[in-house]
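Report on the structure given below.
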Amino acid sequence: MSLIKTDKVTYEYIRRDKDGAVEGVNKAVDNVDMSVEQGQFIAILGHNGSGKSTLAKHFNALLHPVEGTVFVDGMDTRAEEHIWDIRQTAGMVFQNPDNQIIGTVVEEDVAFGPENMGVPSREIWERVQKSLKSVDMYTYRKHSPSRLSGGQKQRIAIAGVLAMQPKCIVLDEPTAMLDPVGRREVINAVLELNKKEGITVILITHYMEEVIKADRVFVMDKGRVVMSGSPREVFSRVSEITEIGLSVPQVTLLAQELKKKGVKLPDGLLTCEELVGEICRSLRII
Ligand code: ADP
Ligand code: MG
């Protein structure tokens, strides 16, 4: 059974005029079929307005489909009686760390979720410790979140979700407001959670370099999933990707330019090491 499965999901926002009368509808998600297996690292790519956030909000029942069905760990997100189980299964991290941190001390902030869930207090502190350690923020447990960097704040927000022991974390452009150092810290923390603790990760981003290590990439455009596959498969389709306003990783682009000049290289090269290896092979250096 897939951990998350969407079956022909469509969502429309209703547009109203200033008097509240319905003016029309915006189809933000259009007939999306997607399945995510336990333990996978999934990336969702797409330019602004392609429907990524709207789709993500279906994964923990913040929104319900107008048509189609979403299952989280086998539970239909429309079933009111499952709403808390669903929210506990799939935790969300959003773009702006400042909107997600409530506590005045790091460890209190991380404790907030399990406290609300009624977890016994001894267990709360065990969870807080473990969550902070797994994002490498334990030494900051007594600090005030307001004095931390953006990357550190996002890792606190991730720890807050982890403390609720979800099976899956959905991160909606978690690095969009961060500098390169903060971006790396957050992505590395997320990768570790996936690889070491087996937590399913759904990462929404428009930074191509962040999706290279994903097991599977879904590319969205105008509410639809227009491409999916491994990063190598998806980034082999350079012209289709650029047509919908996205770029490919810089290494892939460089490889493409070299190919145009006659260097023999395979499609979909993603990392610097791969490219160097292939160039050396083609020059018969190794
Ligand atoms: P993304 O996260 O990929 O940028 P969104 O899911 O935020 O895309 O938006 C998808 C579409 O839905 C866009 O056309 C956007 O303008 C529209 N939309 C998003 N949120 C709302 C809203 N609250 N009310 C009306 N339209 C919205
Ligand atoms: Mg968005």
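The values are calculated or read from the model by the stated rules, or taken from the named source; none is laboratory data. Everything numeric here is computed off the predicted structure, so don't read it as measured data. Here Cβ is always computed from backbone atoms with ideal geometry, including for glycine, and neighbour counts include all displayed protein chains. To get the accessible areas, we keep the full protein, side chains included, count just its heavy atoms, and leave off ligands, DNA and RNA. Shrake-Rupley method; radii C 1.70, N 1.55, O 1.52, S 1.80 Å.
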Dipole of the chain [Lys/Arg +1, Asp/Glu -1 at C-beta], most positive-end residue of 239, 88, 75: 239
Cα-centre dipole for the stretch 161-259 with unit charges at Cβ (Lys and Arg positive, Asp and Glu negative), debye to 20: 280 debye
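May I ask what percent, to the nearest 5, of DSSP beta bridges between residues of the chain are antiparallel?
Working: 22 of 40 bridges.
Percentage antiparallel, nearest 5: 55.
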Order of exposure, largest accessible area first, which applies to 73, 19, 267 with probe 1.4 Å: 19, 267, 73
Folded to 0 to 90 degrees: helix 272-282 orientation relative to the chain principal axis, Cα: 20 degrees
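Using only helices, what value at 222 nm comes out for the chain when you add -39,500 (n - 2.57) per DSSP H run of length 4 or more and divide by the total residues, to the nearest 500 deg cm²/dmol? Don't skip to the answer; put the middle values down first.
Numbers: 10 runs with 103 residues, N = 286.
Helix-only estimate at 222 nm: -10500 deg cm²/dmol.
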Contour minus Cα-Cα distance for residue 27 and residue 2 (0.36 nm per residue): 6.4 nm
Using a Förster distance of 30 Å, the FRET efficiency for residue 242-residue 149 (Cβ separation, nearest 0.05): 0.35
Unsatisfied cross-links (Cα-Cα over 18 Å) in the set 27/167; 167/213; 167/196; 8/52; 27/222: 27/167; 167/213
With Cα atoms, 0 to 90° folded angle of helix 106-116 axis to the chain main axis: 70 degrees
Where labels lie 7 Å past Cα in the beta-carbon direction, separation of residue 272 and residue 209 in nm: 0.9 nm
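Rounded to the nearest 20 Debye, what is the dipole magnitude of the chain about its Cα centre when Lys and Arg each give +1 and Asp and Glu each give -1 at the C-beta? Could you put the intermediate results ahead of the total?
On the way: 36 positive and 40 negative charges, 169 e Å.
So the magnitude is around 820 debye.
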Label-point separation, residue 254 to residue 69 (7 Å along Cα→Cβ), nm: 4.9 nm
Residue 121/residue 181 FRET efficiency (R0 51 Å; Cβ-Cβ; nearest 0.05): 0.90
In the stretch 218-286, the trypsin sites (Lys or Arg not before Pro) that fall in loop regions by DSSP, at most 11 other Cβ within 10 Å: 261, 264, 284
